[in-house]
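Undergrad: The structure under discussion is supplied below as structure tokens; questions concerning it will follow.
The values are calculated or read from the model by the stated rules, or taken from the named source; none is laboratory data. These numbers were taken from a predicted model, which means no experiment stands behind them. Cβ placement follows ideal geometry from the backbone for every residue including glycine, while neighbour counts extend to all protein chains displayed.
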Amino acid sequence: MKVRLRIIILTTGHHKDELAIYNKFMPKILVTGCAGFIGSHTTLALLNQGYEVVGLDNFNDYYNPAWKQINLDQFNNRPQFEFIKADITDLAALKQIFQDHRFDKILHLAARAGVRPSIEQPLLYQKVNVEGTLNLLEMAREHQIPHFISASSSSVYGNQQKVPFSETDSVNEPISPYAATKKAGEMLCYTYAHLYGIKTSCLRFFTVYGPAGRPDMAPYLFTEAILQGKPINKFGDGSTKRDYTYIDDIVDGIMAVVAKPFKFEIFNLGNNTPVSLNEFIALLEEIIGKKALINQLSMQPGDVNTTYADISKAQQLLGYEPRTSFKDGLTKFVKWYKTHRL
């Protein structure tokens with residue numbers, strides 16, 4: 001890992017004692033999607049561990065940009081953090097950023113997320129998730145950045161019957177444009193690792209939830225609906241299962257990869273404990289203390305039947321060990337929602 005001796009003197013005048021002198025070896029990392037759910041939690045962890053972070057986000061309107069601003073505001077007084085508003089599909093903007101900064105690592109979390117919206121806007125998902133990833137890999141090549149980490153998704157496994165899902169399983173049958181773009185991103189990462197020796201890891205996240213979670217996902221949507229006495233949309237008979245993974249456990253996995261470069265590896269970051277939709281609804285009713293109103297609908301195109309992570313590789317190579325049960329994590333999320341959104 002390349003490091004530099006950095007001496008930074010800050011005299012912004014916002015606080016009378018705000019004179020900070022940093023004289024230490026500080027790895028500098030670019031975090032794309034830093035204002036999002038996973039990005040903001042991970043940025044906080046990086047700052048707390050002493051990394052110098054340049055955060056990039058385009059503040060798109062996939063969900064309320066004001067909530068992303070709240071995520072970002074927590075870094076206002078962190079002297080080793082700099083925010084840049086930019087889009088990963090804007091190659092000219094990226095070129096300027098990489099001219100202005102010398103990074104030791106790239107943590108690429110920015111993406112257009114969501115299975116169902118990708119069916120409606122496949123060209124947008126291709127542009128952001130494939131072209132945007134390729135732009136960053138090109139910057140890593142051009143500027144000889146030795147370590148690249150990219151967010152992937154459990155959706156790449158499609159509707160395969162074998163469980164749990166292992167990194168060695170075939171992922172050649174994605175059933176949504178979102179899944180296909182994530183698979184393409186992994187392939188590009190492998191290509192650049194092979195051709196240019198960039199140490200690269202791709203992280204397959206399994207249904208991440210927790211405080212400040214995305215408002216288009218079931219934990220948020222169902223909590224909101226039950227508390228407001230509105231019906232929830234239940235797709236299918238409730239037997240579909242998801243490997244819900246609490247945000248703190250995901251961040252632990254990401255931080256382990258940030259600290260430990262590999263030649264090229266793919267890691268599942270999940271909870272290894274799938275929960276059915278019926279079990280999820282019943283547990284949420286128990287935590288909130290109120291029954292859900294159900295709007296029964298058919299299964300949606302692109303939705304998979306099960307996600308289930310085999311995490312043995314991450315356990316062995318990263319020391320990854322999810323610690324938050326779904327009940328505990330969902331309880332924390334409901335408490336956060338009542339405080340910050342209700």
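Undergrad: Exactly one condition in (1) in contact with an Asp or Glu (Cβ under 8 Å, 6 or more places away or on another chain); (2) within 19 Å of Tyr244 (Cα to Cα) is false for Ile145; which is it?
TA: Checking Ile145 against (1) in contact with an Asp or Glu (Cβ under 8 Å, 6 or more places away or on another chain); (2) within 19 Å of Tyr244 (Cα to Cα), the one that fails is (2).
Undergrad: Of Gln144, Gln161, which residue is part of a loop (DSSP other than H, G, I, E, B) and on the phi > 0 side of the Ramachandran plot?
TA: Sole residue among the options that is part of a loop (DSSP other than H, G, I, E, B) and on the phi > 0 side of the Ramachandran plot: Gln144.
Undergrad: Looking at Asp61, Asp73, Asp90, which is the one that is exposed (fewer than 15 other Cβ atoms within 10 Å of the Cβ), at pLDDT below 95 and among the acidic types (Asp, Glu)?
TA: Asp61 is the lone residue from the list that is exposed (fewer than 15 other Cβ atoms within 10 Å of the Cβ), at pLDDT below 95 and among the acidic types (Asp, Glu).
Undergrad: Sticking with this structure for a sec: Go through segment 241-283 residue by residue and tally those that are farther than 18 Å from Ser153 by Cβ and among the basic types (Lys, Arg).
TA: So the count comes out to 2.
Undergrad: Can you list the strands (runs of 3 or more DSSP E) found entirely within segment 224-325 that contain at least 1 residues being over 14 Å from Phe206 (Cβ atoms) and of a type in the set (S, T, N, Q)?
TA: Of the strands (runs of 3 or more DSSP E) lying wholly inside segment 224-325, those with at least 1 residues that are over 14 Å from Phe206 (Cβ atoms) and of a type in the set (S, T, N, Q) span 231-235, 293-297.
Undergrad: Can you find, within segment 290-342, the residue that is surrounded by the fewest Cβ atoms within 10 Å (Cβ to Cβ) among those that are small (Gly, Ala, Ser) and over 19 Å from the mean Cα position of the chain (by Cα)?
TA: Across segment 290-342, the extreme among qualifying residues is Ser298.
Undergrad: Where in segment 64-126 are there helices (runs of 4 or more DSSP H), lying wholly inside it, with at least 1 residues that are on the phi < 0 side of the Ramachandran plot and of a type in the set (Ser, Thr, Tyr)?
TA: 115-120, 122-125
Undergrad: How do the pairs read when you match residues in segment 204-233 that are closer than 16 Å to Lys68 by Cβ with residues anywhere that are surrounded by fewer than 18 Cβ atoms within 10 Å (Cβ to Cβ), using Cβ under 6 Å and keeping only pairs 6 or more apart or on different chains?
TA: Pairs that qualify, where the first residue is closer than 16 Å to Lys68 by Cβ and the partner is surrounded by fewer than 18 Cβ atoms within 10 Å (Cβ to Cβ), are Pro211/Trp336; Pro215/Tyr63.
Undergrad: Under 7 Å between Cβ atoms, which residue pairs at least 6 apart in sequence (or on different chains) link something in segment 37-57 that is closer than 14 Å to Gln74 by Cβ with a partner that is part of a helix (DSSP H, G or I) and of a type in the set (Val, Ile, Thr)?
TA: His41/Ile247; His41/Val251; Thr42/Val251; Thr42/Ile254; Ala45/Val251; Val53/Thr43; Gly55/Thr43
Undergrad: If you go through segment 116-133 one residue at a time, do you hit one that is of a type in the set (S, T, N, Q), crowded, with 19+ Cβ neighbours inside 10 Å, touching a strand residue (DSSP E or B) at 6+ places or on another chain (Cβ under 8 Å) and modelled with pLDDT of 95 or more?
TA: So far as segment 116-133 goes, yes, one or more of its residues are of a type in the set (S, T, N, Q), crowded, with 19+ Cβ neighbours inside 10 Å, touching a strand residue (DSSP E or B) at 6+ places or on another chain (Cβ under 8 Å) and modelled with pLDDT of 95 or more.
Undergrad: Identify the residue in segment 235-246 that is of a type outside the set (Ser, Thr, Tyr) and more than 18 Å from Pro215 (Cβ to Cβ) and, among all such residues, is surrounded by the most Cβ atoms within 10 Å (Cβ to Cβ).
TA: Asp243
Undergrad: Still on this model: Could you check segment 135-159 and list, in sequence order, the residues that are under 15 Å from the mean Cα position of the chain (by Cα) and either among the hydroxyl-bearing types (Ser, Thr, Tyr) or modelled with pLDDT under 95 (or both)?
TA: Ser150, Ser152, Ser153, Ser154, Ser155 - these are the residues of segment 135-159 that are under 15 Å from the mean Cα position of the chain (by Cα) and either among the hydroxyl-bearing types (Ser, Thr, Tyr) or modelled with pLDDT under 95 (or both).
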